[in-house]
Protein chains: 4
Amino acid sequence: MRIKDDMKQAALFEATVKLVNEIGFSASSVSKIAKEAGVSPATIYVYHKNKEELIVSTYIDIKQDMSRAVLEGFDPTLPIRDIFQNVWLNMFAYISEYRNYVQFTEQFASSPYNELVNHQEIEKYFKPVIAVLQRGISQKIIKDVDFDILATFIFYPILTLSNARLCRTVKLNDAMIEKAFTLAWDAIKL
Amino acid sequence: MRIKDDMKQAALFEATVKLVNEIGFSASSVSKIAKEAGVSPATIYVYHKNKEELIVSTYIDIKQDMSRAVLEGFDPTLPIRDIFQNVWLNMFAYISEYRNYVQFTEQFASSPYNELVNHQEIEKYFKPVIAVLQRGISQKIIKDVDFDILATFIFYPILTLSNARLCRTVKLNDAMIEKAFTLAWDAIKL
Amino acid sequence: MRIKDDMKQAALFEATVKLVNEIGFSASSVSKIAKEAGVSPATIYVYHKNKEELIVSTYIDIKQDMSRAVLEGFDPTLPIRDIFQNVWLNMFAYISEYRNYVQFTEQFASSPYNELVNHQEIEKYFKPVIAVLQRGISQKIIKDVDFDILATFIFYPILTLSNARLCRTVKLNDAMIEKAFTLAWDAIKL
Amino acid sequence: MRIKDDMKQAALFEATVKLVNEIGFSASSVSKIAKEAGVSPATIYVYHKNKEELIVSTYIDIKQDMSRAVLEGFDPTLPIRDIFQNVWLNMFAYISEYRNYVQFTEQFASSPYNELVNHQEIEKYFKPVIAVLQRGISQKIIKDVDFDILATFIFYPILTLSNARLCRTVKLNDAMIEKAFTLAWDAIKL
DNA sequence: GATGAATGAGTGTTCATTCAT
DNA sequence: CATGAATGAACACTCATTCAT
């Protein structure tokens, strides 16, 4: 038995992201993805059980990649504000470099595919950040609000700022990223 | 000749929203929508040029409806904070009653269909709110930040809070809505 | 009861010819023909039993019109050659003025619709010409060949010369028409 | 992987010719052709880009086949009359054996599909015959008339004689073919 | 492992026709 | 007489997937 070809695996990943971003889930047929990746449609079924699994696994791969990038240089001993600021900067760096990945996850998250993934599994990747949030609440640094509401104000705006339309009209520079972080921090801090 | 049936028009609207929310744009075929609405697939083409136009017009109808609801009782003579609080309360009322509509618009906004609508046309509906925002900035009540960033922190979190998962786990009560508004206001206020 | 509107009848005739010539029988749908004629699709069914009858009756109308034109000035007392020359000239005059009608009949004749018309009925219109042909044979002026073969050489080339492609590249002038008639006559004369 | 099946290709060709002759282009739907050929409608799209290409390629295949048959035993050293007589005999032999193919080309030629083929490409197949025609003119054996008019009298009558109705009523025998050729030759010879 | 051929099921859309007005 | 609304049936075509190689 030959070994599965990592190049093909990667080509399929990139082709899936690219096509879904360009033409949406609906129009991204298996054969179009195969052609974009330079393989036969049948080959996709060597690597993935079916189309659904191809798309869901692409999403999970991105989320894993994203969490690794976001937690880079994570230091729980720093002041809480600095920890969050570091997370923001990592996030923006990631978004700048891999905007297409983020765009894919946004489309995915608001599609019915979203129901097929184990979100607890994915939240696990971001656990350290959540822990800091909880520490902040107990230390009366962060508002004592339902966790989901806090998350909405810290994490969601970052994603939104990466929106295609926004990023096209506003080229985000360091000063603006700073300011944006200030808004997020003001929202959650006590 | 028969006259166009408003009941059919409305049934198509509801069927489109329902199906897209349940199974996504991709799987919401014209014939499924027709069956859900209780009409023949061909009848859809009496009311809409094609599937795309059916979906886009559904989106626009919702956005119009939403803006009407959000601006209810809008009073530009009130203090700025009160104006925004009113918008929030309207928004939440709308989301509570028509969560399915909001869910539809979210999925729509991150799909390629989004590129087909004239967003300036839609933003027009929300013009009064935007004007207040600008007044707040010039009166040094609101942070002098790029408008898109402010919007990200005021409007988008509301939508996110309507997220299916969140709303399922957390039943938002009046106290929480107040708190959530506080976060938004703290983010943008000077 | 109002009287059927001759204007509408004529508009339908012209619309049918025009559309069939431009896009063929297949693509000439009832509703397109109706739109071209400026009436409702339903109105067509006031004047014609169905689409088939609309097209067949259009064909028959043209054939009748054509026979009237071709036999103009028909004089059986003239020499046989002159009679045929007169028919040719009439035919060319007709083709020049109503090329679109001729084009329609050609397409019709090689389509399965052709089986639906009573050809003996139509040949009747051209009976005088056929009689002259038979007289020519018995007077040893015209070759004693099966009638269908003779007809092939006299009448068919005229139609072919009206072919769109040909008429585009060659503008038929009087001299050429004369020459073309000479070929036809040489073919059948003894 | 499986290899493309020549049997299927041929079955599609025959099914297309048969159906178009029987019910016309319009009524010859892709699924009917597929059923007649004993394949799935989807399979047609393995062999042809779309319906149009299926029909046009069927036409071109026939024309190529026909030219091969017509030029059989072509000998430019023979007297010009003999060359043309040979072409006629080949043509009739072809028409007798493959009347359905010829019928298809006639219907095709007067349909809008006709505009989709490169006619110069097809005329190329018949180039040797055209060359002889031109030689005949310069040697004062053939009338000095526009080439298109000559062609109308030599080639088209043959096709017309293959007409379904005619061939049904008149069984063309060798003597009649001879006579018919005489008419054609008398038409063009000086 | 990798693939192009093959397909049943489905797509969005248009059709000829009927119906209520 | 005239019509736009309405539709079942059909259209050309694409889909996700399987299969033989």
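What follows is calculated from the coordinates using simple rules that are stated; it is not laboratory data. No experiment lies behind these values; they were computed from the predicted model shown. Cβ atoms come from the backbone with ideal geometry, glycine included; neighbour counts cover every protein chain shown.
Summary of computed values
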| read-out | value |
| --- | --- |
| Computed FRET value (nearest 0.05) for B:K179 with A:S31, which takes r as the C-beta separation and R₀ as 60 Å | 0.75 |
| Estimated FRET transfer efficiency (D:L78, A:K124; beta-carbon r; R0 51 Å; 0.05) | 0.05 |
| Per-residue average of Cβ from other chains inside 10 Å of B:14-26 | 2 |
| Cleavage-rule hits, trypsin sites (Lys or Arg not before Pro), region B:40-91, DSSP coil, Cβ neighbours within 10 Å at most 15 | B:K49 |
| For the protein assembly as shown, alpha-carbon Rg over 2.2 N^0.38 Å | 1.41 |
| Candidate aspartates and glutamates for bridging to D:K124, where Cα separation is under 20 Å - those fewer than 8 sequence places away on the same chain excluded | D:D61, D:D65, D:E72, D:D75, D:E106, D:E115, D:D146, D:D148 |
| Calculated diffusion of region A:48-123, Stokes-Einstein form, Kirkwood radius summed over Cα pairs, 37 °C and 0.692 mPa s, µm²/s | 240 |
| Candidates B:V129, B:V145, B:V70: whichever shows maximal mean-square fluctuation once chain B is modelled as a Gaussian network with Cα springs under 10 Å | B:V145 |
| Shielding by other protein chains, B:145-155, mean Cβ within 10 Å | 6 |
| Note, ³J(HN,Hα) from phi for region C:28-39, Karplus 6.51, -1.76, 1.60, rounded to Hz, x at Gly and Pro | 7, 7, 4, 6, 5, 4, 4, 4, 4, 7, x, 10 |
| Kirkwood hydrodynamic radius (C-alpha pairs) into Stokes-Einstein, region A:78-187, 37 °C and 0.692 mPa s, D in µm²/s | 217 |
| 7 Å along Cα→Cβ, label-point gaps from B:L71 to other copies, nm, shortest first | 4.7, 7.5, 7.6 |
| Computed [θ] at 222 nm, helices only, for the protein assembly as shown once each DSSP H run of length n ≥ 4 contributes -39500 (n - 2.57) | -23500 deg cm²/dmol |
| Alpha-carbon Rg/Rh ratio, for chain A, with Rh computed the Kirkwood way | 1.02 |
| Distance histogram in 10 Å bins (all Cα pairs of region D:1-47, percent per bin) | 30, 55, 14, 2 |
| Under the Karplus curve 6.51 cos²θ - 1.76 cosθ + 1.60, θ = phi - 60°, whole-Hz ³J(HN,Hα) for region A:119-132, x wherever Gly or Pro sits | 5, 4, 4, 6, 4, 3, 4, 9, 3, x, 5, 4, 4, 4 |
| Taking the C-alpha atoms of region A:1-93, convex hull volume expressed per residue in Å³ | 132 |
| Averaged over D:173-184, number of beta-carbon atoms from partner chains that fall within 10 Å | 3 |
| Residue closest to axis [chain B; rotation mapping onto C; Cβ; Å] | B:A42, 4 |
| Distant-in-sequence amide H partners of A:I142 (H built 1.01 Å from N, under 5 Å) | A:I137, A:L190 |
| Position B:K140, label points 7 Å along Cα→Cβ, spacing to each other copy in nm (shortest first, one decimal) | 3.1, 11.2, 12.5 |
| C-alpha center-to-center spacing [region A:58-99, region B:106-120] in angstrom | 28 |
| Distances in nm from B:Y45 to the matching label points in the other copies, shortest first (labels 7 Å along Cα to Cβ) | 1.7, 1.8, 3.3 |
| Folded to 0 to 90 degrees: helix D:6-27 orientation relative to chain D principal axis, Cα | 80 |
| Unsatisfied cross-links (Cα-Cα over 27 Å) in the set C:K51/D:K18; B:K35/D:K18; A:K143/B:K127; B:K18/C:K35; B:K51/D:K49 | B:K35/D:K18; A:K143/B:K127; B:K18/C:K35 |
